[in-house]
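**Q** Here it is, the structure in full.
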Amino acid sequence: MKEMHTTYDPKEFEDRIYEKWMEEGSFRAEVDPAKVPFTVMMPPPNITGQLHMGHAMDETTQDVIVRFKRMQGHSVLWLPGTDHASLATEHKIVEKLREEGTTKEELGREEFLRRAWAWKEQYGGKIIGQLKKLGSSCDWSRLAFTMDEKCSTAVKEAFFRLYKKGLIYRGSRIINWCPDCKTALSDEEVAYSEDAGSFWYFNYPVKGTDEHITIATTRPETMLGDTAVAVNPHDERYARFIGKTLILPIVGREIPVVADDYVDPEFGTGAVKITPAHDPNDFEVGLRHNLQMIRVLGDDGTVNAQGGKFEGLGRYEARKRIVAEMQDLGLLVKVEPHAHNVGHCHRCNAVLEPIVSKQWFVKMKPLAGPAIHAVMQNKTKFVPDRFAKIYFNWLENIRDWCISRQLWWGHRIPVWYCDDCGETICERETPTKCPKCGSTHLHQDEDCLDTWFSSALWPFSTLGWPNETEDFKYFYPTDVLVTGYDIIPFWVMRMMFSGIEHTEKVPFRDVLIHGLVRDEQGRKMSKSLGNGVDPLEVIEKYGADSLRLSLMTGVAPGNDTRFTDAKVEASRNFINKIWNASRFVLMNAEGDIPPLAEVRLQPADRWIISRLQSTIREVTLSLQKYDLGIAADKITDFAWNDFCDWYIELSKPALYGDDAEKKRGTLAVLMFVLENTLKLLHPFIPFVTEEIYGYLPHVKGNIITADFPRYNTKLAYKKEAKAFEGVIDLVKTVRAMKVEVGCPPVKKVPLYLVTEQKRLVAVNKSSILRLAGASDIDFVESGAEAGEKPVSKVCELGQIFVPLGELVNLEAERKRLEKELERIMGEIARADSKLTNKNFVAKAPKKLVEDEAAKKEKYLDMKKRIEQQLKLL
RNA sequence: GGAAGUUUAGCUCAGCUGGGAGAGCACUUGCCUUACAAGCAAGGGGUCAUAGGUCCGAGUCCUAUAACUUCCACCA
């Protein structure tokens with residue numbers, strides 16, 4: 001047998017283990033009617049992306065679940081993929097072109113796309129290698145890409161169906177426009193931030209009078225497009241102006257004063273300039289009053305021909321000039337500082353312009369309803385369920401989804417226009433002639449679809465929908481979707497309504513939401529702050545298992561967590577502990593190790609096996625509920641405290657003794673517990689558990705495909721385990737006594753014991769002597785038999801006396817005993833207060849009352865013993 | 001303006017359907033005990049944000065309050 005290295009060194013085996021899994025096809029999902037499928041769709045990272053801590057959290061969470069389910073015997077499909085990230089990618093390539101001194105327009109669409117695909121081939125695979133480093137056990141043979149053939153077919157089909165149902169339409173509406181990216185965005189892609197701005201007060205003269213109305217605006221440049229001024233119909237100050245005409249300064253246009261409830265008389269001056277083409281609210285007002293819509297800003301954010309002499313100026317330059325000119329005209333009343341929320345492009349952070357533009361939209365109301373119902377009826381459950389509220393909130397207030405983007409990299413809108421008759425044609429396949437006039441002069445819509453349109457189909461497009469493939473039939477709907485709460489509106493919601501609309505099934509049964517990974521100070525990790533921690537560097541330093549475990553411990557679903565080096569180090573230390581415990585077991589393993597069923601079990605054996613059983617049960621239940629943090633805690637607690645600190649130490653007398661049968665029995669138990677502990681740990685720390693598993697002499701195959709431990713009632717040994725706790729308590733009590741009186745740990749002391757559990761103590765004598773640092777144990781009836789000047793302490797099993805001779809300070813011992821007596825009296829009083837409470841006795845569960853009475857008995861007994869001992873001093 | 005979350009040991013955080021407050025790190029003390037100093041043993045440290053309420057019993061449920069965080073909406 002190979003020897004294990006003396007220290008845990010993840011670098012030595014992590015890559016090797018991953019290759020082994022790949023070679024043996026351990027991640028591959030099979031359509032197997034004999035098994036129950038378990039499907040998880042990986043949220044596809046952007047091809048522009050680098051692995052960050054958010055991914056590490058997301059991937060680890062999924063991998064833990066998937067490995068657990070795989071070991072439980074499911075046919076597991078964890079389908080990986082990447083997202084073409086239309087805007088983000090195009091943005092990057094455009095930037096690169098700029099560096100080369102060219103533009104996408106100069107290149108032309110075809111050449112641009114060729115470059116984009118090349119870019120995807122070159123960089124898009126990077127993140128996949130990074131996912132592998134983490135240990136992600138996804139089925140790489142099914143790797144998908146949102147622009148591959150399968151997904152493109154699904155996108156066209158989905159668009160076609162929605163279009164035919166009238167759920168997709170084209171229209172001129174106010175949309176969010178990014179002047180830098182030169183494309184429309186959806187409402188969800190707008191990032192608001194509070195910016196310091198100004199409030200300019202302008203006078204608009206009333207036609208044919210000396211009077212004027214003062215309006216206030218944060219965007220003076222939009223006045224070029226003003227087509228009215230609105231006041232509240234109930235505002236007495238302005239009642240006489242309603243219906244009058246104003247002269248728009250600078251421009252000279254005559255505009256009406258209209259009454260509209262939208263205006264808040266309390267805010268500003270109570271009179272609002274109306275620019276229907278550049279403000280969503282004004283747009284609505286414009287519709288209600290039939291106002292003219294004048295667009296004054298072009299796609300690049302400069303003033304267009306409608307802006308007269310300001311044409312060609314940037315929006316901020318135009319603002320400056322207009323304010324200056326208003327001042328010259330004596331129409332600027334005042335300027336106030338004003339902080340207000342401004343929408344920014346989530347990709348390039350440029351200030352967005354609301355602009356009226358002809359775009360494609362998805363009608364949301366008919367789609368939102370069923371998506372809301374599905375969650376209300378628990379067809380899909382959010383974990384934790386509070387996130388359902390966020391989901392409802394979004395869907396209930398949703399507006400139509402702008403899906404067209406003025407981009408080239410993405411799914412081109414499957415709509416053609418007839419050059420001759422102007423017919424709009426939407427087909428699954430590229431049409432060759434106009435169905436209306438027969439013309440062959442057709443051209444396709446220039447725009448692309450929002451990236452999220454294809455992401456929304458991800459749970460089924462990747463399985464071959466709309467074709468009824470074997471994969472689709474077997475693996476769909478999926479079981480759980482794992483993602484951060486920030487993605488609910490972008491993705492979860494859209495997958496829900498798309499899934500229900502297109503497949504008539506919810507796309508996933510559960511949505512597991514995890515929190516954000518923040519930096520050590522609790523700040524969001526971000527590029528601009530430069531506070532991001534690179535998971536790959538952490539893996540390089542500590543290994544992937546340590547990173548994974550550190551992300552999984554001490555976290556609750558949906559709650560944010562902080563990343564600290566200290567936490568990774570703690571995880572690394574734990575893994576090292578497991579490594580060494582395994583080494584200990586293997587070092588002592590000699591000859592054939594019998595299966596557990598064939599050996600005689602000692603009390604300590606039954607205790608550890610019992611503890612293992614309850615750990616198995618708790619861990620399994622926690623994992624099923626997605627309480628990964630609790631599961632990780634339970635296993636690490638068992639492995640470190642129960643197994644390493646107690647059982648391994650307890651096993652040493654048997655291992656080093658001459659009783660061959662006992663030794664074989666102990667080895668069987670050690671091996672059994674180790675093997676099961678490794679299996680419980682495997683979902684969290686897959687590499688090291690697989691590596692150690694390979695050293696176990698009696699097992700075949702890999703741990704990744706081994707059976708997850710099952711709770712076995714026959715091995716629960718509840719009573720025996722409970723009794724054995726007394727032995728542990730005894731050892732702890734002796735250790736504490738020695739420390740309290742300052743007895744050197746190496747000095748072996750004789751123990752005198754008053755107890756009714758003589759057999760239990762006798763059987764475990766050698767372990768107790770070893771662990772407690774004692775020389776011998778004698779059973780006595782009272783302290784009087786315990787030699788000169790004994791110190792004493794009560795414990796679960798009875799009372800311990802240790803004659804410490806010269807080490808004993810009588811006065812100190814008296815004080816110690818009095819203090820302990822005080823504590824015991826407190827306990828008795830506590831139990832009494834409950835037992836004398838009639839309501840408690842009458843209403844509390846019977847078991848609780850009985851337990852309380854038993855405790856009181858125990859403490860009364862302890863009290864008696866201490867009092868006796870005090871008399872002897 | 002609306003919504004959600006957080007508030008527990010010095011720090012970072014767990015705590016499931018209410019039944020004697022936990023972990024890791026840090027700290028104190030003592031140990032290189034032949035798996036492990038990335039370790040072992042023994043400890044100290046908490047009116048569970050505040051005020052009420054329900055209950056025999058509240059960190060846990062309810063209602064207010066405060067502070068912080070986040071999301072959404074937004075008044076030009």
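**Q** Mind listing just one residue for me: the one in the range A:415-444 that is in contact with a Phe, Trp or Tyr (Cβ under 9 Å, 6 or more places away or on another chain) and assigned to a loop (DSSP other than H, G, I, E, B) and, of those, surrounded by the most Cβ atoms within 10 Å (Cβ to Cβ)?
**A** A:CYS434
**Q** Condition test on A:LYS527, is it surrounded by fewer than 20 Cβ atoms within 10 Å (Cβ to Cβ), of a type outside the set (A, V, I, L, M, F, W, C), modelled with pLDDT under 95 and in a loop (DSSP other than H, G, I, E, B)?
**A** Here the answer is yes, as A:LYS527 does meet what is asked.
**Q** Could you say whether any residue in the range A:843-850 is free of Cβ contacts under 8 Å to residues at least 40 places away in the same chain and not in a helix (DSSP H, G or I)?
**A** Looking for residues that are free of Cβ contacts under 8 Å to residues at least 40 places away in the same chain and not in a helix (DSSP H, G or I), one finds at least one in the range A:843-850, hence yes.
**Q** Taking the range A:31-70 only, how many residues are in contact with a Phe, Trp or Tyr (Cβ under 9 Å, 6 or more places away or on another chain) and part of a loop (DSSP other than H, G, I, E, B)?
**A** Summing the residues that are in contact with a Phe, Trp or Tyr (Cβ under 9 Å, 6 or more places away or on another chain) and part of a loop (DSSP other than H, G, I, E, B) in the range A:31-70 gives 8.
**Q** With the structure loaded, tell me whether A:SER792 is of a type in the set (S, T, N, Q) and either over 22 Å from A:ARG865 (Cα atoms) or modelled with pLDDT under 85 (or both) or whether it fails that test.
**A** Criteria not met by A:SER792.
**Q** Something else now. Which members of the range A:628-687 meet the condition of being aromatic (Phe, Trp, Tyr) and either open to solvent by 20 Å² or more (accessible area, probe 1.4 Å) or at positive phi (or both)?
**A** Residues satisfying the conditions are A:TRP640, A:TRP646, A:TYR656, A:PHE672.
**Q** Can you tell me which residue in the range A:531-554 is nearest to A:ILE630 (Cα to Cα), limited to those that are out of contact with any Gly (no Cβ under 9 Å at 6 or more places or on another chain) and not in a helix (DSSP H, G or I)?
**A** Checking each candidate, the answer is A:GLY543.
**Q** Right, next: Write out, first by first residue and then by second, each pair whose Cβ atoms fall under 7 Å of each other, whose residues are 6+ apart or on separate chains, and whose first residue, in the range A:84-101, is touching a residue at least 60 places away in the same chain (Cβ under 8 Å) and part of a helix (DSSP H, G or I) while the second is aliphatic (A, V, I, L, M) and open to solvent by less than 10 Å² (accessible area, probe 1.4 Å).
**A** The qualifying pairs are A:SER86/A:LEU407; A:LEU87/A:LEU407; A:THR89/A:ILE47; A:THR89/A:ALA116; A:GLU90/A:LEU407; A:ILE93/A:ALA116.
**Q** I would also like to ask the following. I need the full set of residues from the range A:396-427 which are more than 26 Å from A:LYS104 (Cβ to Cβ) and either free of Cβ contacts under 8 Å to residues at least 60 places away in the same chain or within 16 Å of RNA strand B (Cβ to nearest atom) (or both), in order please.
**A** The answer is A:GLU396, A:ASN397, A:ILE398, A:ARG399, A:ASP400, A:CYS418, A:ASP420, A:CYS421, A:GLY422, A:GLU423, A:ILE425.
**Q** Between residues in the range A:115-132 that are over 19 Å from A:ARG98 (Cα atoms) and residues that are modelled with pLDDT under 90 and outside any helix (DSSP H, G or I), which pairs lie under 7 Å by C-beta distance while being six or more apart or on different chains?
**A** What qualifies is A:ILE127/A:GLY49; A:ILE127/A:GLN50.
**Q** Of the residues that sit in the range A:530-573 and are among the β-branched types (Val, Ile, Thr) and more than 7 Å from RNA strand B (Cβ to nearest atom), which one is surrounded by the most Cβ atoms within 10 Å (Cβ to Cβ)?
**A** This residue is A:ILE539.
**Q** Suppose the filter is over 19 Å from A:GLN292 (Cα atoms) and among the hydroxyl-bearing types (Ser, Thr, Tyr); does A:TYR262 pass it?
**A** In short, no.
**Q** Which ones in the range A:774-797 are outside any helix (DSSP H, G or I), open to solvent by 10 Å² or more (accessible area, probe 1.4 Å) and of a type in the set (Gly, Ala, Ser)?
**A** A:SER775, A:SER782, A:GLY787
**Q** So the check is Cβ under 7 Å with 6+ separation or different chains; which pairs have a first residue in the range A:560-581 that's over 16 Å from A:HIS682 (Cα atoms) and a second one that's within 6 Å of RNA strand B (Cβ to nearest atom) and open to solvent by 60 Å² or more (accessible area, probe 1.4 Å)?
**A** none
**Q** Give me the pairs: first residue in the range A:693-705 and farther than 14 Å from A:GLY25 by Cα, second residue assigned to a loop (DSSP other than H, G, I, E, B) and open to solvent by 30 Å² or more (accessible area, probe 1.4 Å), beta-carbon distance under 6 Å, and six or more apart or on different chains, which are they?
**A** A:HIS698/A:ILE593
**Q** Another one. Checking the condition more than 22 Å from A:GLU95 (Cα to Cα), part of a loop (DSSP other than H, G, I, E, B) and in contact with a Leu (Cβ under 8 Å, 6 or more places away or on another chain), which residue from A:CYS151, A:CYS138, A:CYS181 passes?
**A** A:CYS138
**Q** Scan the strands (runs of 3 or more DSSP E) fully inside the range A:241-280 and keep the ones with 3 or more residues being more than 12 Å from RNA strand B (Cβ to nearest atom) and not polar (S, T, N, Q).
**A** A:254-259
**Q** Out of all the residues in the range A:697-723, which are touching a helix residue (DSSP H, G or I) at 6+ places or on another chain (Cβ under 7 Å) and within 16 Å of RNA strand B (Cβ to nearest atom)?
**A** The answer is A:TYR711, and nothing else.
**Q** Return yes when A:ASN393 is polar (S, T, N, Q), within 15 Å of RNA strand B (Cβ to nearest atom) and closer than 23 Å to A:GLY499 by Cα and no when it is not.
**A** Judged against the criteria, A:ASN393 is a match.
**Q** Any residue at all in the range A:580-587 that is more than 8 Å from RNA strand B (Cβ to nearest atom), more than 23 Å from the chain's Cα centre (by Cα) and open to solvent by 60 Å² or more (accessible area, probe 1.4 Å)?
**A** No; the residues of the range A:580-587 include none that is more than 8 Å from RNA strand B (Cβ to nearest atom), more than 23 Å from the chain's Cα centre (by Cα) and open to solvent by 60 Å² or more (accessible area, probe 1.4 Å).
**Q** Also: Checking the condition in a helix (DSSP H, G or I), touching a Pro at 6+ places or on another chain (Cβ under 8 Å) and of a type in the set (S, T, N, Q), which residue from A:SER767, A:SER833 passes?
**A** Within the list A:SER767, A:SER833, the selection yields A:SER767.
**Q** If you don't mind, there's one more thing I want to ask. Looking at (1) modelled with pLDDT under 95; (2) away from RNA strand B (no atom under 16 Å from the Cβ); (3) crowded, with 16+ Cβ neighbours inside 10 Å, which is the one condition that is false for A:VAL303?
**A** (1)
The values are calculated or read from the model by the stated rules, or taken from the named source; none is laboratory data. From a predicted model like this one, the values you see are computed outputs, not experimental measurements. So basically every Cβ, Gly included, is an ideal-geometry build from the backbone, and we count neighbours across all protein chains shown. Ligands, DNA and RNA are stripped out before the accessible areas are found, and what is left, the full protein with its side chains, is counted by its heavy atoms. Shrake-Rupley method; radii C 1.70, N 1.55, O 1.52, S 1.80 Å.
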